[in-house]
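Peer 1: I have a structure here, written as structure tokens, and I will follow up with some questions on it.
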């Protein structure tokens, strides 16, 4: 299958939802570049996200995240994986809506926990009760994620290609974003 992608596709959702893995596979499948906004922030800052959080705080990080996101959106059709907190900002949601389409990879708490519990690179989970913190973050963020243009349920039984196909099916409901070439 060949696709014509007309605008940026922005993967949103909680840490561990699969935004980077699915986004990378999606980009390869539809023939556009893949960019992880966290990687771009780390490159610009010459430090890890955890180090930015520790040195400059979350507010500083969120401001840089918004700047990077606006730049990536302006670069045309591509798949962008965002950090879990990026879509919480009204400013970021508006920028994404104006330039592209948002896709929420909706995963339940058990699946998210299974995927992130052994990763020390999640600064927001460096607490005495990381699973409780994850549950509170999920509860606080769910309403923002629900504002995404498209919602794709992450099933723990899906392989990466199957999850990617689910995203493509959702995107195909948006002819302003993607169309299949004959």
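Peer 1: Which one is surrounded by the most Cβ atoms within 10 Å (Cβ to Cβ), of the residues in segment 82-98 that are under 22 Å from residue 21 (Cα atoms) and more than 11 Å from the chain's Cα centre (by Cα)?
Peer 2: Once the filter is applied, the top-ranked residue is 96.
Peer 1: Going through 179, 162, 114 one at a time, which residue ends up being surrounded by fewer than 14 Cβ atoms within 10 Å (Cβ to Cβ) and either in contact with a strand residue (DSSP E or B) (Cβ under 7 Å, 6 or more places away or on another chain) or farther than 17 Å from residue 15 by Cβ (or both)?
Peer 2: Exactly one of 179, 162, 114 is surrounded by fewer than 14 Cβ atoms within 10 Å (Cβ to Cβ) and either in contact with a strand residue (DSSP E or B) (Cβ under 7 Å, 6 or more places away or on another chain) or farther than 17 Å from residue 15 by Cβ (or both), namely 162.
Peer 1: Within segment 141-159, how many residues are in a helix (DSSP H, G or I), surrounded by 11 or more Cβ atoms within 10 Å (Cβ to Cβ) and out of contact with any strand residue (DSSP E or B) (no Cβ under 9 Å at 6 or more places or on another chain)? If you could, list the steps in order and put the result at the bottom.
Peer 2: Here is the first cut: in segment 141-159, the residues in a helix (DSSP H, G or I) are 141-145.
Next, only the ones that are surrounded by 11 or more Cβ atoms within 10 Å (Cβ to Cβ) stay: 141-142, 144-145.
Right, trim to out of contact with any strand residue (DSSP E or B) (no Cβ under 9 Å at 6 or more places or on another chain) and you get 141.
Matching residues across segment 141-159 total 1.
Peer 1: When you check residue 138 against the structure, is it in contact with a helix residue (DSSP H, G or I) (Cβ under 8 Å, 6 or more places away or on another chain), part of a loop (DSSP other than H, G, I, E, B), at pLDDT below 95 and surrounded by 13 or more Cβ atoms within 10 Å (Cβ to Cβ), yes or no?
Peer 2: In short, no.
Peer 1: With segment 1-81 as the region, which strands (runs of 3 or more DSSP E) entirely inside it contain at least 3 residues that are closer than 25 Å to residue 151 by Cα, within 12 Å of the chain's Cα centre (by Cα) and at pLDDT 90 or above?
Peer 2: Hits in segment 1-81: 9-12, 34-36, 79-81.
Peer 1: Test of understanding: among 96, 168, which residue is assigned to a helix (DSSP H, G or I), within 24 Å of residue 9 (Cβ to Cβ) and out of contact with any strand residue (DSSP E or B) (no Cβ under 7 Å at 6 or more places or on another chain)? If you could, list the steps in order and put the result at the bottom.
Peer 2: On the way: 96 fails: out of contact with any strand residue (DSSP E or B) (no Cβ under 7 Å at 6 or more places or on another chain).
The unique qualifying residue is 168.
Peer 1: Those residues that are touching a strand residue (DSSP E or B) at 6+ places or on another chain (Cβ under 8 Å), farther than 21 Å from residue 164 by Cα and modelled with pLDDT of 95 or more, I need them from segment 82-93; list them, please.
Peer 2: 93
The values are calculated or read from the model by the stated rules, or taken from the named source; none is laboratory data. Since we're looking at a predicted model, the values are computed, not measured. So basically every Cβ, Gly included, is an ideal-geometry build from the backbone, and we count neighbours across all protein chains shown.
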